[in-house]
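Below is one structure, written out as structure tokens; the observations come after it.
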Amino acid sequence: MSEASCDALVLGAGPAGCMAALLLRRAGLTVTMLAPVRLANQRGAIESVPPLVPSLLEAAGLERDRFADAIVGRFEGIVSDGVVRRFHGTGWHIDRAPFDRVLLADATDKDVTLHRERVTDVSCATHGVVVQTATMRHRARWLVDASGRGGVLRRMLGLSVTMCGAPMLAWRGVIQAGAPTGRPVCALPTFRSSGSHWVWRAPLDDGSLAWTQAATAPADDNAGARGFDVSWRLVRPAGGAAYRIVGDAAAILDPRSGQGVFFALSSALTAARSIIAVERAPQLRSLEAAGYDAFVATEFRRKSSELIRRSR
């Protein structure tokens, strides 16, 4: 079996993986991303991200105008169960396909190596990791797991998973709601809840309407829509001596929290900074691992408590 080595391995090529790879590369580390070949996000994968997301992208050196083709709407607040809530800043409705492409293209442009391989085994020690695929053995000082809901490290290391609330499924799609206006849509997105069921509707600039619906049981009329598991769960420890788990691989919350892409980027940013801190001061290894794990757990508990209060 062939062998390769680098400073940091990143599992996954979504927003969390690309953010971590970009920041580690900018700090001077050699970075390899491992991600299986999969179908790209298609039209219908529309996500609404809060105003802080553009700032996080700029922290990775990505200017806002790079995402012009991915932004399909903007919003400055929401109508939540009839109550208008204004933001300090402007959020984006993004089409995930072009959004992800921009991030991945920038990572590869910055000399991040991408291998389209599926991980078959992982071994973590105090000062390094070994990751095997069907054709190669990769060695690195660091591993960032951004593998999403599949959770490579969770499965292969048998990490603890804490579930919060009832199992929840969500569906999303886009419907044509009106003729294109040729200018930005001013209407605020709406959120409506009824017990454990809720619906998010976002008017887009082309006259269509993006929607996300979630419930604790499948909805028969959504059988043909794009469905996914959004049960709240937290993986621990999210920080180990030589690894960090980011994004959906670390924690999943109800999508109405707006934490999807935002948490992917913010956790990757925090993880990269934690790794860089240890690179500069190796004696901080244990402290930084514990600190990152506490960051993920605190964010999960804070947002889950807020969602529980909101649903009462």
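Where a number appears in this text, it was derived from the coordinates with a stated rule and is not lab data. If you're wondering where the values come from, they're calculated on a predicted model, not measured in any experiment. A quick note on method: Cβ atoms are made from the backbone with ideal geometry, for glycine too, and the neighbour counts reach across all protein chains shown.
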- Message: What distance in nm separates the two pseudo spin-label positions at THR120 and MET156, each 7 Å out from Cα along the beta-carbon direction?
- Response: 1.2
- Pop out the ³J(HN,Hα) list for the range 135-152 in order, Karplus 6.51 cos²θ - 1.76 cosθ + 1.60 with θ = phi - 60°, rounded to Hz; leave Gly and Pro as x. 10, 8, 10, 9, 10, 7, 7, 9, 9, 10, 8, 10, 7, x, 4, x, x, 4
- Item | Amide hydrogen neighbours beyond the local backbone of MET168, cut-off 5 Å, H modeled | VAL230, SER231, TRP232
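So, R0 is 41 Å and r is the distance between the beta-carbons of ALA134 and ALA27; what FRET efficiency does that work out to, to 0.05?
Numbers: r = 31 Å, r/R0 = 0.74.
According to the calculation, E is roughly 0.85.
Taking neighbour Cβ counts within 10 Å as the exposure measure, how do HIS115, HIS138 sort from fewest upward?
So the ranking, lowest neighbour count to highest, is HIS115, HIS138.
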- Message: Based on alpha-carbon centroids, what's the gap between the range 236-295 and the range 72-138 in Å, whole number please?
- Response: 14
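Starting from the range 1-73, pick out the trypsin sites (Lys or Arg not before Pro) whose DSSP state is loop and whose Cβ has at most 13 other Cβ atoms within 10 Å. Before the final figure, lay out the partial values.
Values: sites: ARG25, ARG26, ARG38, ARG43, ARG64, ARG66; in loops: ARG38, ARG43.
Answer by residue number: ARG38, ARG43.
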- Average Cα contact separation per residue, the range 2-311, under 8 Å, 6 or more apart, as relative contact order %: 21
- Are there any helices in the chain, counted as whole DSSP H runs, that stretch 24 Å or more along their axis by Cα and score at least 1.0 on average by Kyte-Doolittle, and if so which? 260-280
- Sequence-distant residues sharing a close amide H with VAL144 (under 5 Å, placed H): LEU9, VAL10, LEU11, ARG244
